[in-house]
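Structure record follows, encoded as structure tokens.
The values are calculated or read from the model by the stated rules, or taken from the named source; none is laboratory data. Quick caveat, the model's predicted, so the values are computed rather than measured. Note: ideal-geometry Cβ built from the backbone for every residue, glycine included; neighbour counts use all protein chains shown. Heavy atoms of the whole protein, side chains included, go into the accessibility calculation; ligands, DNA and RNA do not. Shrake-Rupley method; radii C 1.70, N 1.55, O 1.52, S 1.80 Å.
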Amino acid sequence: MRNAMGEPQTIVVFGGTSEIALAIVRRLVTPRTSQVVLACRDVDGAERYRETLNAQLAPAAVSLVSYEARSYASHPELVAEIADRVGDLDLVIFAAGVLGRAEQLAVDPVAAAELFEVNTVGGVSTCLAVANRFREQGHGQLVVLSSVAGERVRRANFVYGASKAGLDAFAQGLGDALEGTGASVLIVRPGFVTTRMTEGMEPAPLATDPDSVAEAVAAALSGRKRTIWVPGPLRWLFSVLRHLPGPIWRRLPLK
Amino acid sequence: MERRSLSGWGRTPVSVADVIDADAVDLDRLLAGFGPRGAIARGCGRAYGDAAMNAGGTVLRLADQELVLDDATGLLRVGAGVTIDAILRESVQRGWFIPVSPGTRYVTIGGAIAANVHGKNHHRDGSFGRWVKSITMVLADGSTITVDPDSDPDLWWATIGGMGLTGVVTSAVVEMIPIETSRCLVDTVRANDLDELMAEMERGDERYRYSVAWIDLVARGARLGRGVLTSGDFARREQLEDTDPLRYDPGHLASVPAGMPNLLNRAGIKVFNEAYFRSAPRRRTDEVQPIARFFHPLDAVGNWNRLYGHRGFIQYQFVVPDEQHQVIRRAIERIVMAGRASFLAVLKRFGEADPAMLGFPMPGWTLTLDVPAVPAVLADLVVDLDEMVLEAGGRVYLAKDAVATPEMIRATYPHLERFVAVRDRVDPDRVWNSDLSRRLEL
Ligand SMILES: Cc1cc2nc3c(=O)[nH]c(=O)nc-3n(C[C@H](O)[C@H](O)[C@H](O)COP(=O)(O)OP(=O)(O)OC[C@H]3O[C@@H](n4cnc5c(N)ncnc54)[C@H](O)[C@@H]3O)c2cc1C
Ligand SMILES: NC(=O)c1ccc[n+]([C@@H]2O[C@H](COP(=O)([O-])OP(=O)(O)OC[C@H]3O[C@@H](n4cnc5c(N)ncnc54)[C@H](OP(=O)(O)O)[C@@H]3O)[C@@H](O)[C@H]2O)c1
């Protein structure tokens with residue numbers, strides 16, 4: 001159960017090695033957090049960081065479980081198993097995602113579909129399984145890592161952008177559907193975040209880092225917000241960009 | 001049945017449950033319909049935290065309003081959903097008072113039993129449970145039984161103070177205390193620092209049946225812990241010149257509208273504390289006060305909990321044993337340092353404990369404070385206070401709690417295992433659950 005300060009006792013991350021998600025978890029764990037479950041596709045790889053994780057997240061017990069976003073049929077069972085192990089899921093973060101190589105995605109049907117399988121399809125099945133559990137338990141907070149890339153899809157990386165647009169629209173609808181159940185959804189739309197996902201890329205304007213995203217998420221959770229942009233001004237920027245006429249939008253030098 | 005968001009009196013995070021208004025006779029039928037999250041009873045929802053909430057499950061409110069007072073013996077047979085307010089409206093004029101009253105009369109008998117509430121007379125009269133003669137309750141298997149302290153001592157002392165986790169109390173027999181008038185004679189002392197206040201309180205133990213101190217949590221330095229002590233007892237008939245000595249008119253509630261901003265901000269609290277302290281007389285004796293003013297001053301404004309704004313607040317109440325009285329000073333220093341002055345800080349003396357397995361009181365000092373639920377301030381404060389309480393061999397009060405950890409409770413409630421054993425016996429499948437029981441692994 002979350003306590004009166006909104007502190008979760010249990011935190012679960014899908015995409016448990018995500019740099020952004022781990023920054024969020026570090027920000028949210030308190031001495032009253034008892035369990036952190038990191039669901040990741042490479043458990044053995046993650047084991048190598050166990051000591052660091054244990055130290056960073058103490059006194060919470062950290063467990064690593066195997067999770068493949070594309071194996072959507074396994075998600076309901078996985079969520080049930082996690083709940084059996086740790087009890088109520090107080091806070092869940094969906095962070096699995098791939099960026100891919102834009103030039104390849106633009107022309108490779110199979111690669112594009114595979115990216116959708118992770119970012120969108122996997123998100124839908126994972127978040128729905130979590131939502132069902134939230135309904136049963138009468139509470140729960142879900143954080144979905146979307147992206148401004150989905151707000152208006154840029155030609156430079158439209159496949160990724162479209163996958164996030166799908167996830168984002170789904171998460172909004174899920175948040176509405178959960179109204180009155182005690183559960184809630186927070187959609188996080190970061191801009192360019194310096195993580196290994198963006199390694200080697202030139203930072204876009206208003207670039208930020210995982211700790212700033214974490215700070216914004218923490219504030220949004222206690223302020224009961226439903227959607228946030230990180231950094232905040234992106235909200236206003238994109239509300240303008242969203243309404244630009246197509247010919248102008250296409251000519252903007254957006255990478 | 002209605003699916004509703006519920007919170008405790010502190011209005012901190014809500015959870016959703018199916019709320020059912022039930023007649024006692026329907027309970028065994030209802031039992032079959034509880035889902036995997038089970039059920040918990042709820043009274044007036046005056047517990048500050050999550051004791052009367054059950055996320056995803058059922059929350060039961062008792063509809064039945066039985067209230068029979070025997071004027072010859074003072075024994076009150078009362079439905080568990082009946083409030084102390086309703087009881088007093090009936091009993092005071094007939095010369096009987098509730099043996100133990102919390103600081104609000106808007107609590108039910110079920111809630112008073114489940115939290116084993118204490119009043120200003122704990123040092124003299126113990127907790128509520130001491131005055132309960134028998135309890136009728138519905139167990140997880142659907143059976144209705146009547147228990148008393150001798151028929152099943154384990155179940156009795158697990159139910160008294162058991163936070164609703166052994167079953168639903170449907171009615172009880174309570175021994176009322178006789179009063180000659182409905183007025184109290186109150187002595188007030190204004191103490192300029194904590195030592196003076198505590199010394200005054202220890203001296204008063206013998207003399208006064210009722211006693212409580214308010215502490216100014218804004219004052220620092222030499223004035224740290226300054227406060228106002230009020231003590232008293234019911235006036236006897238001959239002490240009043242009144243043609244209607246048992247008149248009782250507690251008045252009706254003024255209320256705070258919904259959606260209030262946080263008025264109890266730092267500046268507001270400071271002004272309030274200063275004004276309150278200054279308005280108290282240095283020393284005054286035998287002031288005549290009606291019951292409502294002496295026992296339930298906060299009830300003058302309904303929903304005052306809304307004054308803390310949408311984030312709500314927590315109430316942190318702890319007790320430390322007599323020999324650890326210095327912890328009270330350290331705790332006050334820590335709270336003053338946090339700069340989030342508490343609107344309400346109350347210091348009381350406790351007397352002997354009773355055998356309730358989850359009993360809160362122990363002979364010593366109990367300090368109660370409200371703090372707005374702003375995580376940035378509260379989180380560190382709670383960690384530090386918990387540590388002081390733990391080290392001192394004290395504990396925090398479950399009826400107020402919304403932030404403790406299972407470890408803290410295990411370390412400070414020595415009879416928790418016996419309590420769990422009783423639950424294993426009467427509720428092996430854990431039909432009775434609350435957000436509190438889940439959070440604290442009770
Ligand atoms: C302004 C204020 C002042 C207070 N002052 C004091 C004080 O001085 N001393 C003190 O001890 N407490 C005090 N309290 C706390 C309050 O007395 C307790 O929390 C009490 O339990 C509230 O009763 P309720 O009917 O509102 O119960 P709820 O808050 O609805 O429930 C409290 C607990 O009782 C259980 N319960 C309720 N009904 C039943 C039933 N029929 N069968 C089984 N379990 C049941 C619930 O499951 C829950 O665990 C104060 C609270 C407020 C708001
Ligand atoms: N970085 C940015 O600029 C940025 C901006 C906006 C939104 N986001 C979104 O934020 C989220 C986290 O990104 P990040 O920056 O923290 O990058 P990251 O560290 O690369 O995190 C991505 C996570 O997704 C996991 N993942 C990838 N494919 C998976 C699969 N098939 N099954 C299960 N897990 C899979 C990765 O696991 P492995 O460790 O096994 O690869 C990794 O844990 C992503 O959804 C991303 O789209 C990022």
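Worth pointing out:
- The apolar share of the surface of chain B, taken as the fraction of accessible area on carbon and sulfur atoms (1.4 Å probe, ligands and nucleic acids excluded), comes to 50 percent.
- Rounded to whole Å, sorted largest first: equivalent-ellipsoid semi-axes of the range B:315-431, Cα gyration tensor: 27, 17, 12
- All Cα pairs of the range B:1-73, percent lying beyond 22 Å: 29 percent
- Compactness of chain B as Cα Rg over 2.2 N^0.38 Å, two decimals: 0.94
- Taking packing as the residue-averaged number of other Cβ atoms within 10 angstrom, the listed peptides A:120-127, B:147-154, A:88-95 run from highest to lowest as A:88-95, A:120-127, B:147-154.
- Counting only other chain Cβ atoms within 10 Å of each residue's Cβ, the peptide B:433-442 averages 3.
- Simple rule: put +1 on each Lys or Arg Cβ and -1 on each Asp or Glu Cβ in the protein assembly as shown, find the dipole, and look at A:Pro210, B:Ile328, B:Phe313; the Cα lying farthest toward the positive end is A:Pro210.
- Mean separation of Cα pairs under 8 Å and 6 or more residues apart, divided by the residue count, gives the range A:19-155 a relative contact order of 25 percent.
- Residue (of B:Gly110, B:Val189, B:Val426) at the positive-pole extreme of the protein assembly as shown, dipole from beta-carbon charges: B:Val189
- Proximal lysine pairs, the protein assembly as shown, alpha carbons under 19 Å, eight or more residues apart or interchain: 4
- Simple spin-label estimate for A:Ala61 and B:Arg283 gives 5.9 nm between the two label positions (7 Å along the Cα-to-Cβ direction from each Cα).
- The simple Förster model, with R0 at 30 Å and r as the Cβ-Cβ distance, assigns A:Trp236 and A:Glu51 a FRET efficiency of 0.10.
- Net lengthening on full extension, B:Arg220/B:Glu417 (0.36 nm per residue, minus Cα-Cα): 66.7 nm
- In the calculated pair-distance distribution of the range A:1-92, the portion above 17 angstrom amounts to 45 percent of the Cα-Cα pairs.
- Net dipole in debye of chain B [+1 Lys, Arg Cβ; -1 Asp, Glu Cβ; about Cα centre; nearest 20]: 1520 debye
- Dipole magnitude for the range B:163-250: computed about the Cα centre from +1 point charges on Lys and Arg Cβ and -1 point charges on Asp and Glu Cβ, it is near 280 debye.
- Its relative contact order, with pairs defined as Cα atoms under 8 Å and 6+ residues apart, puts the range A:10-251 at 19 percent.
- Here the spin labels are modelled as points 7 Å beyond Cα on the Cα-Cβ line, and at B:Thr243 and B:Arg3 they lie 6.0 nm apart.
- Sequence ranges B:374-382, A:180-188, A:44-52, ranked by mean other-Cβ count within 10 angstrom, highest first: A:180-188, B:374-382, A:44-52
- Rounded to the nearest 500, the 222 nm mean residue ellipticity of chain B from helices alone is -7500 deg cm²/dmol, with -39,500 (n - 2.57) taken per DSSP H run of at least 4 residues.
- Stokes-Einstein D (µm²/s) once Rh is taken as the Kirkwood radius of the range B:183-404 over alpha-carbon pairs, at 10 °C in 1.306 mPa s: 85 µm²/s
- When each full DSSP H helix of chain A is screened for a Cα extent of at least 24 Å along its own axis and an average Kyte-Doolittle hydropathy of at least 0.0, the helices passing are A:158-177.
- Computed magnitude of the charge dipole of the range B:10-123 (debye, nearest 20; Cβ of K, R +1, Cβ of D, E -1): 460 debye
- What the Kirkwood sum gives for the range A:127-223 is a hydrodynamic radius of 14.6 Å, with every pair of different alpha carbons counted.
- Placing unit charges on each Cβ (+1 for Lys and Arg, -1 for Asp and Glu) gives the protein assembly as shown a dipole about its Cα centre, and among A:Gly161, B:Val138, A:Gln9 the Cα reaching farthest toward its positive end belongs to A:Gly161.
- Nitroxide proxy distance, nm - points 7 Å out along Cα→Cβ at A:Asp44 and A:Ala218: 3.6 nm
- P(r) tail fraction, the range A:10-251 - alpha-carbon pairs more than 23 Å apart, %: 48 percent
- FRET efficiency for the pair B:Asn192 and A:Asn132, taken as 1/(1 + (r/R0)^6) with r the Cβ-Cβ distance and R0 = 60 Å, rounds to 0.50.
- Using the Cβ-Cβ distance between B:Asp429 and B:Asp150 with R0 = 30 Å, the FRET efficiency computed as 1/(1 + (r/R0)^6) comes to roughly 0.60.
- √(5λ) per eigenvalue of the Cα gyration tensor, the protein assembly as shown, largest first, Å: 52, 28, 22
- Gaussian network model of chain B, springs between alpha carbon atoms under 10 Å - residue of B:Ala345, B:Ala402, B:Ala411 with greatest fluctuation: B:Ala411
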